[in-house]
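Heads up: the structure comes next, in structure tokens.
The values are calculated or read from the model by the stated rules, or taken from the named source; none is laboratory data. Values in this document were obtained by computation on a predicted structure and should not be read as measured data. Here Cβ is always computed from backbone atoms with ideal geometry, including for glycine, and neighbour counts include all displayed protein chains. Just the protein is used for accessible areas: all its heavy atoms, side chains included, with ligands, DNA and RNA removed. Shrake-Rupley method; radii C 1.70, N 1.55, O 1.52, S 1.80 Å.
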Amino acid sequence: MESMFRLMDQEQEVTTTTNRCIWVNGPVIVGAGPSGLATAACLREQNVPFVVLERADCIASLWQNRTYDRLKLHLPKKFCQLPKMPFPESFPEYPTKRQFIDYLESYASRFEINPKFNECVQTARFDETSGLWRVKTVSNAESTRTEVEYICRWLVVATGENAERVVPEIDGLNEFTGEVIHACDYKSGEKFAGKKVLVVGCGNSGMEVSLDLANHFAKPSMVVRSSVHVMPREVMGKSTFELAMKMLAWLPLWLVDKILLVLCWLVLGNIEKYGLKRPEMGPMELKSVKGKTPVLDIGALEKIRSGKIDVVPGVKRFDGNRVELVNGEQLEADSVVLATGYRSNVPYWLQESEFFAKNGFPKAANSGWKGRTGLYAVGFTRRGLSGVSMDAVKIAQDIGSVWKLETKQPTKRSTASHRRCISQQF
């Protein structure tokens, strides 16, 4: 099934191949999402030149091309702003998708960040002989295939936790007679009005897609295979996340979890009777240990209570347009939305096994921003955009301290500096 989803953006037939080798006088940043932009901005403030590589044709391609229309930031804007530039005061507490994209575009403009678009990194490896990183990219444009090798001292991996969609292997899914899409291709429930839609997944995306479908008069059934923490987005007008952060500054983790669960019960009531069983581990501990984010309810639970969203157990198999559940029940579906999440794509291109694990995340979560031999990672600590900002600041300071020491250059701001190698063929 996953191979079907990968049959996208087929490469056009090319007639000419151009090879180039470029020396980068500073770090190469792979990825022009919030992580890459934040790191680039902090490097700019440290007067360190850089090059940003992006496989898509725009910044923040996940936000621009793979999110649904009704999406808003789930946390208050002060926890989502990038370093050196707050959100405009006119923005609401929870900015919309469009507002966040506008903010990122303004951010890139302010810090003069100009990524090299449509350059897909094929491999990145550390050359022990030269002590440098060799990053190979491919881009196709107007019947010309361009292969470029960037050579640099520092490599910043900023492709993030959500680079590739996860498509589960479910018996019979390939033969399902209706439409099957991943949540990254879902835009609005408008076209599903009156249809029976099976939403596979009950995280924040699954809950919000189900809510959007219900609001557009579809008939969603949401698959809940395992336990899940559902929390109110706000308690008495205050952000639940902000409340948790304030308590964690003074109280132990286990006590904060106890308080949060009491507040959840007071605000939401007993959600287990609707098929939403809570994990044994508390919400903040679960996030810290396993990286599993609690669901912040913005209206889906009310739809579940009213019967406009059905909660069903795991799927055993598909048969035509029928779905057999693990409890033996069967239901019909016109369409399926796979809200089954994303994963890192780092193992596909980074030839390194000491710092990154096979799952594409740094092995050491607490020190997951810095490896050896000039390798850095930003946006992999499972702490959202606030974690991205912390990583970016530390990376820029670390590289900047070496840069200033070796160049002896004071305060003048630098622009991205790179030059071609003497040899253009490789």
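The table below lists the values:
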quantity	calculated
Options Met231, Met236: the member that is touching a residue at least 60 places away in the same chain (Cβ under 8 Å) and either within 30 Å of Val326 (Cβ to Cβ) or open to solvent by 30 Å² or more (accessible area, probe 1.4 Å) (or both)	Met231
Some residue of the range 121-140 being of a type in the set (Lys, Arg), over 21 Å from Val346 (Cβ atoms) and either touching a residue at least 40 places away in the same chain (Cβ under 8 Å) or not assigned by the TED database to the domain that holds Lys84 (or both)	no
Per-region count, the range 374-385, residues within 24 Å of Arg153 (Cβ to Cβ) and either in contact with a Leu (Cβ under 8 Å, 6 or more places away or on another chain) or not in a loop (DSSP other than H, G, I, E, B) (or both)	4
Selection count where residues are open to solvent by 20 Å² or more (accessible area, probe 1.4 Å), assigned to a loop (DSSP other than H, G, I, E, B) and closer than 14 Å to Val228 by Cβ, scope the range 267-278	3
Odd one out for Arg322, checked against (1) open to solvent by less than 40 Å² (accessible area, probe 1.4 Å); (2) in the same structural domain as Ser188 (by the TED database)	(1)
In the range 132-154, the residues that are at pLDDT 95 or above and either outside any strand (DSSP E or B) or aromatic (Phe, Trp, Tyr) (or both)	Trp133, Tyr150, Arg153, Trp154
Qualifying residue in the range 202-223 (condition: open to solvent by less than 30 Å² (accessible area, probe 1.4 Å), within 17 Å of Leu338 (Cα to Cα), touching a Cys at 6+ places or on another chain (Cβ under 8 Å) and hydrophobic (A, V, I, L, M, F, W, C))	yes
The range 281-301 - residue that is touching a helix residue (DSSP H, G or I) at 6+ places or on another chain (Cβ under 9 Å) and in a loop (DSSP other than H, G, I, E, B) and, of those, farthest from Lys363 (Cα to Cα)	Gly299
Close pairs (8 angstrom Cβ cut-off, 6 or more residues apart or separate chains): assigned to a loop (DSSP other than H, G, I, E, B) in the range 57-82, among the β-branched types (Val, Ile, Thr) and surrounded by fewer than 17 Cβ atoms within 10 Å (Cβ to Cβ) anywhere	Leu71/Thr96
The listed residue being out of contact with any helix residue (DSSP H, G or I) (no Cβ under 7 Å at 6 or more places or on another chain) and modelled with pLDDT of 95 or more, out of Ile181, Ile170	Ile181
Test for Phe91: is it outside the structural domain of Lys308 (by the TED database), outside any loop (DSSP other than H, G, I, E, B) and more than 30 Å from Leu331 (Cα to Cα)	no
Residues satisfying the stated conditions in the range 32-46, i.e. open to solvent by 10 Å² or more (accessible area, probe 1.4 Å), not in a helix (DSSP H, G or I) and not polar (S, T, N, Q)	Gly33
Residues located in the range 302-316, provided they are surrounded by 15 or more Cβ atoms within 10 Å (Cβ to Cβ), outside any loop (DSSP other than H, G, I, E, B) and among the basic types (Lys, Arg)	Lys303, Lys316
Top-ranked residue in the range 124-143 [being open to solvent by 40 Å² or more (accessible area, probe 1.4 Å) and among the polar types (S, T, N, Q); ranked as farthest from Ser61 (Cα to Cα)]	Thr129
Search result, residues across the range 249-266 that are out of contact with any Ser or Thr (no Cβ under 9 Å at 6 or more places or on another chain) and either part of a helix (DSSP H, G or I) or open to solvent by 80 Å² or more (accessible area, probe 1.4 Å) (or both)	Trp250, Trp254, Leu255, Val256, Asp257, Lys258, Ile259, Leu261, Val262, Trp265, Leu266
Lone unmet requirement of (1) of a type in the set (A, V, I, L, M); (2) more than 24 Å from Gly291 (Cβ to Cβ); (3) assigned by the TED database to the domain that holds Val28; (4) open to solvent by less than 10 Å² (accessible area, probe 1.4 Å) for Ala158	(2)
Among the candidates Gly299, Gly282, residue that is over 20 Å from the mean Cα position of the chain (by Cα), open to solvent by less than 70 Å² (accessible area, probe 1.4 Å) and over 26 Å from Ile181 (Cβ atoms)	Gly282
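Residue by residue, here is whether (1) of a type outside the set (Asp, Glu); (2) within 21 Å of Val52 (Cα to Cα); (3) without any contact (Cβ under 8 Å) to a residue 60 or more places away in the chain; (4) not in a loop (DSSP other than H, G, I, E, B) holds:
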{"position": "Ser353", "(1), (2), (3), (4)": "yes, no, yes, no"}
{"position": "Asn359", "(1), (2), (3), (4)": "yes, no, yes, no"}
{"position": "Gly368", "(1), (2), (3), (4)": "yes, yes, yes, no"}
{"position": "Arg372", "(1), (2), (3), (4)": "yes, yes, yes, no"}
{"position": "Gly387", "(1), (2), (3), (4)": "yes, yes, yes, yes"}
{"position": "Ile395", "(1), (2), (3), (4)": "yes, yes, no, yes"}
{"position": "Asp398", "(1), (2), (3), (4)": "no, yes, yes, yes"}
{"position": "Trp403", "(1), (2), (3), (4)": "yes, yes, no, yes"}
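For every residue, the table says whether it meets (1) of a type in the set (Val, Ile, Thr); (2) out of contact with any helix residue (DSSP H, G or I) (no Cβ under 6 Å at 6 or more places or on another chain).
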| site | (1), (2) |
| --- | --- |
| Val323 | yes, yes |
| Gly328 | no, yes |
| Val337 | yes, no |
| Trp349 | no, yes |
| Ala357 | no, yes |
| Phe361 | no, yes |
